[in-house]
Each structure stands twice: as structure tokens, then as C-alpha cells.
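First comes the structure, then the notes that go with it.
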Amino acid sequence: MDYKDFMEYAFQKLHERGWLMELIPSSITKTDIAEFEQEYLMELPVVLKLYLMAYKPSPTDIVGMVYDDENKEIKIDTIDFYDLTDNVSDWSECLGCFREEFEDCETPLREEIYKNLFPIGYMDGWYCLDLSQSDGKDCPVVFLEYGGFWDCYCDSDGILHGKCVASNFRTFLEWYFCGSLEPEYEKINHVIVNYEFYSLWHDQHFISELNFPRR
């Protein structure tokens, strides 16, 4: 399916799987995106534009199955997706807060080193889209852990990329929104994966006050 149909499908699946109580349309328009791109000299990939114009993301943490390429295994992980669907000014605020981390480093980094990163969520660090590796339609999702030890994620030109956690944003949404890896995890571990399964896992790994939906 094309990116537009996929985005509708992904949010519908997120709703069906219990992570969204209702589908609330985004307030973001094509004009908002174009003005943001012009102001920040960014070119956002198609999949991100459609994501931002679709629906409000889950107001709570999402737990899902992701593929850990380093260890060659499916694992359970969680993320708090930023809500960037009310006003484009939220993007500026989010981007500003993220970039402050680099300015607050013991040795502040030049903006050209990290301007390729667009933050989409947080959990013990920042999940970002690496726009420097965009093909215009999609790009990798990378992670920068909290703490600022990021030298190993810089390329030979000194550009910061982060640890690649998904080859593209569509795959990342397939994992968290659609549960695409759950059947294989069930087969390997002989368990039934559903909302209650994730809720129990969350309670075992995090304090109860953490942002998690109760039904």
C-alpha cells in the first residue's frame, strides 16, 4: 500500500490494539509543514508529513515489539511519541528543547553537526529521524541515549547520526502501531501477546506512576 493508505491503516491498528481510545484528526496542514521547512531549512520525508497530518498519537507510552539488529532478536521496548499535531509552534519548541542538549554540552556542538535530526519521541533518550539519510519518502530512525556520550555516532565528517534502531520510519510504525513482530515473538516464546501482556510487562519494568494507559 502507498504511504497515505499505510498511515491510515497504522493509526487504525493502533486504535484497534487499545493504545488509542479515539482517533482525533491532526490540526497540521500542508501549509504548516511548508512554512516550517522553509524556516528551518529542512526537507521532511513524505512519511513524516503524512504522520504529522494524520491523527494525534497516543497520549501515553506505547509498548511494542522491535527488532534489535545488534543482538539479532525481537525484544520488548517502549516509547513516548511526541504530540506534534496541535500547532506547528510545538515543533519549534520540541526542536529547540532537543537542540539545547547539544548547546549545554561541556563542549557545545555546532548546529551543522546535529541539524539533520528531527525528534519524534523519548524514552531514556531521544528517538529521531535522520533527515541526512532521507530518500525523500522515508529515512532511518535513530536513538541518542540521555547523557551526551555520542561521539561514536558521528561519521567521518563529524555529522551526528545516532544509533540506528529502524531502517525507516514506516518500519518503526509497523512495529509499534501495527504489532508486525508480535506473531513471530509469540511463536518463539510460546506466549499470547495482547494489551494485557504489555501492561504486565510494563508493571514489572517501570514504577506504576509512569505514563501508561489503564483500561
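The values are calculated or read from the model by the stated rules, or taken from the named source; none is laboratory data. Small disclaimer: the values here were computed from a predicted structure and weren't measured. Ideal geometry is used to build each Cβ from the backbone, glycine not excepted, and the neighbour counts take in all protein chains shown. Keep in mind that these areas ignore ligands, DNA and RNA; they rest on the heavy atoms of the full protein, side chains included. Shrake-Rupley method; radii C 1.70, N 1.55, O 1.52, S 1.80 Å.
Structure summary
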read-out: Of residues in segment 173-190 being open to solvent by 50 Å² or more (accessible area, probe 1.4 Å) and not in a helix (DSSP H, G or I), the one nearest to PHE6 (Cα to Cα); value: SER180
read-out: Matching residues in segment 42-86 - criterion: being among the aromatic types (Phe, Trp, Tyr) and over 13 Å from the mean Cα position of the chain (by Cα); value: TYR55, TYR67
read-out: Yes/no for GLY136 being assigned to a loop (DSSP other than H, G, I, E, B), in contact with a Lys or Arg (Cβ under 9 Å, 6 or more places away or on another chain) and open to solvent by less than 80 Å² (accessible area, probe 1.4 Å); value: no
read-out: Number of positions in segment 134-167 that are among the basic types (Lys, Arg) and within 25 Å of MET7 (Cβ to Cβ); value: 1
read-out: Of the criteria (1) without any contact (Cβ under 8 Å) to a residue 24 or more places away in the chain; (2) closer than 23 Å to CYS178 by Cα; (3) assigned to a helix (DSSP H, G or I), which one ASP90 fails; value: (2)
read-out: Condition broken by VAL63, with the remaining ones in (1) closer than 15 Å to TYR176 by Cβ; (2) surrounded by fewer than 18 Cβ atoms within 10 Å (Cβ to Cβ) satisfied; value: (2)
read-out: Residue count, segment 67-81 (criterion: of a type in the set (A, V, I, L, M) and either assigned to a loop (DSSP other than H, G, I, E, B) or surrounded by fewer than 20 Cβ atoms within 10 Å (Cβ to Cβ) (or both)); value: 2
read-out: Count of residues meeting criterion [part of a helix (DSSP H, G or I) and more than 12 Å from the chain's Cα centre (by Cα)] in segment 140-172; value: 3
read-out: Matching residues in segment 44-58 - criterion: being open to solvent by 40 Å² or more (accessible area, probe 1.4 Å) and modelled with pLDDT under 95; value: LYS56
read-out: From PHE6, PHE11, residue being closer than 21 Å to GLN133 by Cβ, open to solvent by less than 10 Å² (accessible area, probe 1.4 Å) and of a type in the set (A, V, I, L, M, F, W, C); value: PHE6
